[in-house]
Amino acid sequence: MSIRTYPMPGTLLCGRAALDQLGYELELRSWRRIAVLADPKNFKLLRDKLSRINRPQGTELELIDPIDDERLAEYDALILSGTDRQGHDTSASPIPLVWIPLSASELQRPVDALISVLDRRLIKDPEAVTSFCRRIFTSSLGEESTYPFRLSTPVHFQFSAACTLHQNSLTGEGDILDSLATRMQQDGVSKPLLLSDAGVAAAGLTDRVCAALAETADLELRSDVPPDSDTALVDVLAEFCRESGRDSLIALGGGSVLDTAKGVAMVLSNGGSRLTQLEGSGHLPPLTYPWYALPTTTGTGSECTKAAVVSDATVGRKLLFISPVLQARAAFLDTGMTKTLPPHITAQTGMDAMCHAVEAFTGLGKNPLSDLFAWKAIELLSVHLKQAVLHPDAEEHRSATALASSLAGIAFSNSMVGMVHTVGHSLGAVCHAPHGACMAVLLPRALEFNLELIQKPLGELLIPLKDRPSYEETLVSLRAPGAISILRGINHALKDATDGRHPERLREIVDRDGKSLIRHQDFDRVAETALGDASLVYNPREIRTQDIIAVLEESY
């Protein structure tokens, strides 16, 4: 059985300040000696433009023509810009490639670059930019997007999708792990720490990975990751990796395991700092400690996201870390890994992915590429999620929901999320309620809260949630409410499909003894905690304490 690979486009900087943003990237990555492949006249233009930005002191640009791989090895990066010399195989360059097109016509060329810089002072045609975004989507997914409307471009946006996806089906289960072994050999690592949790280990999945990698890697197993990733454990695991000489991480599990791996990689890539010292957004240099993802749920999309959420018990809240460098080197979507998921967990994690995609599409941070990836994720989930719950061994539905989870992860980590996650994160921190269950319940209510400001994008989602005729036959004013009604219907169908274990109300989120995890007396504390959540600023409508409490009451 063949394995399908989805190559991702790297980082795209777009806007009137895109070149200025490149200066920040050069500083972050410590690139000082940079080779340039360009026509001489364009080299002078480029050097003039870059000389005006805030770039690292001592940065050198040198015109290289023709490309000499041996010479290139002396440089930190290669800039390709304003040249028609296409005889060079820049994708095989031994150093990172930065692409800076100087005109709209250059956007017709496919370029395999780590960073692409579309400065709107140089490329003024927005249609050329949106067409390029559609081509990026097509080259990544191997199909054109079905989004039928004109894409809009904000004044500035940054999009990053650097994690290559590999996917197989329920048959031929060993193939995907062979791909993992090959990728690790290519990266020069052979002593990984396999991170997992007790449930995944009990299902036999850790044994399967250990057996598959036994001949190619000196593997160590830790299966003690808790349901909520924890800062103290991250620091302990990082110290364990240092002491035992581990050179990489394999994260086998759901969101908590993957976020724990991100935390360990952050600590080990930053001189052994404690994780709490690294909290924040956009300041992390590229990870030098590689990690690979084997997701066992189809909801978080954490393998592809620029965010990690890790609980800090000492302050009683979840810490947020945001940076493009947090994405896995590669992710391996093996539908065989999700076969043991109970139906209600499949439902809840699937609705988590749905929330990611819907909030990405309707939030303040939306951009052309996040819209295209979110749209595709919603298409897949609306068709396959319920079927994956009802028919867990059906290859088509498991594969589709796994891919949808990753695509939704790409979308929301480039547009951020809003009220659903603002409140959901706090319910998890205060009440220890399962994240996916909270997302499913809160989604319709939060959309109603934002309804007045998201009528157009939410109304468009009638198409992937149902079909194009329904969208066209529905009054404009009723399209957005219609989309919310469909999402409520999905929750209800999932509740029926799981014999009542998928919740439609917050009071239905219970522990193993059937006791509700969320109580009315917790609402004030949940609201207070939510006001400190970073996702708050991306919600289309301003959120106040009383708004959060009202949504909690309506959801209860």
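The values are calculated or read from the model by the stated rules, or taken from the named source; none is laboratory data. Owing to the predicted nature of the structure, the values given are computational and were not obtained by experimental measurement. Every residue, glycine among them, receives a Cβ derived from its backbone with ideal geometry; neighbour counts consider all protein chains shown. Ligands, DNA and RNA are stripped out before the accessible areas are found, and what is left, the full protein with its side chains, is counted by its heavy atoms. Shrake-Rupley method; radii C 1.70, N 1.55, O 1.52, S 1.80 Å.
On the accessible surface of the range 378-497, probed at 1.4 Å, how many percent belong to carbon and sulfur atoms?
Numbers: 2240 of 4020 Å².
Carbon and sulfur together cover 56 percent of it.
Taking the mean number of other Cβ atoms within 10 Å as a proxy for protection, how do you rank 358-369, 67-78 from highest to lowest?
358-369, 67-78
Which value at 222 nm does the chain reach when only helices count, each DSSP H run of 4 or more adding -39,500 (n - 2.57), with the total divided by all residues and rounded to the nearest 500 deg cm²/dmol? Don't skip to the answer; put the middle values down first.
On the way: 20 runs with 251 residues, N = 556.
For the chain, the value works out to -14000 deg cm²/dmol.
Based on the mean of other beta carbon atoms within 10 Å per residue, what is the order of 401-412, 492-503, 439-450, most packed first? Each step should come with its number before you reach the end.
Working: 401-412: 30.9, 492-503: 18.0, 439-450: 24.7.
My ranking of the peptides, most packed first, is 401-412, 439-450, 492-503.
Rounded to the nearest 5, what % of the DSSP beta bridges within the chain are antiparallel ones?
30
Give the calculated FRET efficiency between residue 391 and residue 274 to the nearest 0.05, with a Förster radius of 45 Å applied to their Cβ-Cβ distance.
Once rounded, the FRET efficiency stands at 0.50.
In debye, nearest 20: dipole of the chain around its Cα centre with unit charges on the Cβ of K, R (+) and D, E (-)? Before the final figure, lay out the partial values.
Numbers: 53 positive and 70 negative charges, 241 e Å.
Computed charge dipole of the chain: roughly 1160 debye.
Where does each of 248-256, 124-132, 476-484 land if you order them by average Cβ count within 10 Å, highest first? Present the calculation step by step, with values, prior to reporting the outcome.
Working: 248-256: 27.1, 124-132: 16.6, 476-484: 18.2.
Top of the packing list down: 248-256, 476-484, 124-132.
Write down the accessible area per residue of the range 16-70 in Å², having rolled a 1.4 Å probe over the full set of protein chains.
55
Count the net charge of all other residues whose Cβ sits under 13 Å from the Cβ of residue 525, scoring Lys and Arg as +1 and Asp and Glu as -1.
-1
Could you state the angle between the C-alpha long axis of helix 545-555 and the longest principal axis of the C-alpha atoms of the chain, as a value from 0 to 90 degrees rounded to the nearest 10?
Its long axis makes an angle of about 60 degrees.
Could you tally the net charge around residue 481, taking each other residue with its Cβ under 15 Å from the Cβ of residue 481, Lys/Arg +1 and Asp/Glu -1?
Here the charged neighbours net out to +1.
For the chain, find the longest principal axis of its Cα atoms and tell me its angle to the long axis of helix 255-269, 0 to 90°, nearest 10.
Approximately 40 degrees, to the nearest 10.
In straight Cα distance, which lysines are under 23 Å from residue 124, not counting same-chain residues fewer than 8 positions off?
Cα-Cα hits under 23 Å: 41, 44, 49, 366.
Mind checking the angle between helix 419-431 and the chain's longest principal axis? C-alpha axes, 0 to 90 degrees, to the nearest 10.
It works out to around 60 degrees.
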